[in-house]
1. Which ones in segment 152-176 are surrounded by fewer than 15 Cβ atoms within 10 Å (Cβ to Cβ) and either within 11 Å of the ligand (Cβ to nearest atom) or part of a loop (DSSP other than H, G, I, E, B) (or both)?
2. Here's a check for you: in segment 177-198, which residue that is assigned to a loop (DSSP other than H, G, I, E, B) and either charged (D, E, K, R) or at pLDDT 95 or above (or both) is farthest from Phe28 (Cα to Cα)?
3. In segment 29-45, which residues are more than 19 Å from the chain's Cα centre (by Cα) and part of a loop (DSSP other than H, G, I, E, B)?
4. Of all residues in segment 71-89 being within 16 Å of the ligand (Cβ to nearest atom) and buried (at least 24 other Cβ atoms within 10 Å of the Cβ), which is nearest to Arg141 (Cα to Cα)?
5. Restricting to segment 3-28, count the residues that are in contact (Cβ under 8 Å) with a residue 12 or more places away in the chain, outside any strand (DSSP E or B) and surrounded by fewer than 20 Cβ atoms within 10 Å (Cβ to Cβ).
6. Going through Ala64, Ala46 one at a time, which residue ends up being assigned by TED's automatic domain parsing to the domain that holds Arg141 and over 16 Å from Leu8 (Cβ atoms)?
7. Being under 17 Å from Asn45 (Cβ atoms), among the polar types (S, T, N, Q) and within 20 Å of the chain's Cα centre (by Cα) is the filter here; which residues of segment 62-119 pass it?
Amino acid sequence: MSVTLTFLGGAREVTGSCILVQTASNRFLVDCGMFQGGVESDRKNARRMPVPPGSIDFVLSSHAHIDHSGLLPKLVRDGFRGPIHCTPATADLLGVMLPDAGHIQEKESEWQTRKRERGGKAEVPPLYTEADALAVLPALRPVPYGKIVRPGPGVSAAFLDAGHILGSAIVIVTVADDGKEKKTRLLRGPRPPGVADRARPDPRPAGRRPRHRIDLRQPAPQGDGRHGGGVRPCRRRHAPQEEGERRHPVVRRGGGRRTSCTSSPT
Ligand SMILES: [Zn+2]
């Protein structure tokens with residue numbers, strides 16, 4: 001049995017999060033987010049799903065931010081009739097945020113239409129309305145953190161606390177293969193960073209990071225001792241990069257001489 005994932009948004013960008021999952025007997029979405037910002041977002045929000053919304057069995061919603069949930073009203077308006085599983089707090093937030101998003105879409109449509117009328121152009125319909133958003137709410141199925149739900153044949157899901165906004169969840173989805181649940185993961189879990197005092201995630205997109213690795217288990221170069229235990233630039237050699245990215249901080253162990261550094265830029 002194969003499982004097909006189609007990333008309909010949130011890939012090479014951070015908004016529009018929506019993953020279409022198809023198995024032998026299920027078709028479902030993880031998130032149904034709105035594209036926000038950028039010149040292409042209106043076009044992407046207006047485009048049709050690659051499968052009929054009515055053929056989607058259920059939705060797993062990770063959290064209420066609009067870039068993860070904001071196209072649910074359009075999905076329901078276009079024919080989706082299944083349940084939307086999410087945490088209780090996410091259900092509460094969606095009850096406020098989706099109608100508000102629908103109201104914003106209506107006002108945006110009025111403003112665009114007024115502007116276009118002056119040029120004799122056709123009106124711009126709203127992406128969806130407040131009424132469309134209210135129609136989503138009966139489909140919400142609150143699931144407490146840690147509880148396993150079985151939304152479709154051979155599919156189980158659990159919502160774990162993601163520590164993001166109220167109700168946000170990491171959604172663990174398991175698909176049975178011929179009746180057996182296989183523990184197959186798309187990504188390995190993070191490894192411990194060794195002897196670093198602190199580690200900062202690199203905020204740059206993957207393609208813009210330096211092409212070198214630093215083994216945090218190895219001692220970093222010694223400082224010159226003039227600046228005590230503060231944060232100081234490292235003098236390791238780096239691949240050529242943009243000016244301003246060549247140095248990164250060294251975090252000195254308190255009182256000691258040993259140092260470690262991360263690959264983050266200053
Ligand atoms: Zn978020």
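The values are calculated or read from the model by the stated rules, or taken from the named source; none is laboratory data. Quick caveat: nothing in here was measured; it's all calculated off a predicted structure. Cβ atoms come from the backbone with ideal geometry, glycine included; neighbour counts cover every protein chain shown.
1. Pro153, Gly163, His164, Ile165, Leu166
2. First, the residues of segment 177-198 that are assigned to a loop (DSSP other than H, G, I, E, B): 178-179, 182-198.
Those still in the list that are either charged (D, E, K, R) or at pLDDT 95 or above (or both) too: 178, 182-183, 185, 188, 191, 197-198.
Numbers: Asp178: 19, Lys182: 19, Lys183: 19, Arg185: 18, Arg188: 24, Arg191: 31, Asp197: 43, Arg198: 40 Å.
Here the answer is Asp197.
3. Listed by number, the list holds a single entry, Val39.
4. Cys86
5. Of all residues in segment 3-28, those in contact (Cβ under 8 Å) with a residue 12 or more places away in the chain come to 3-10, 13-28.
Now drop any that are not outside any strand (DSSP E or B), which leaves 3, 10, 13-17, 23-26.
Right, trim to surrounded by fewer than 20 Cβ atoms within 10 Å (Cβ to Cβ) and you get 3, 10, 13-14, 23-26.
Of the residues in that region, 8 qualify.
6. Numbers: Ala46 fails: over 16 Å from Leu8 (Cβ atoms).
Testing whether each residue is assigned by TED's automatic domain parsing to the domain that holds Arg141 and over 16 Å from Leu8 (Cβ atoms) leaves just Ala64.
7. Ser69
Residue-wise test of (1) of a type in the set (D, E, K, R); (2) more than 16 Å from the ligand (Cβ to nearest atom); (3) crowded, with 21+ Cβ neighbours inside 10 Å.
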residue	(1), (2), (3)
Ser69	no, no, yes
Val96	no, no, no
Arg114	yes, yes, no
Gly119	no, yes, no
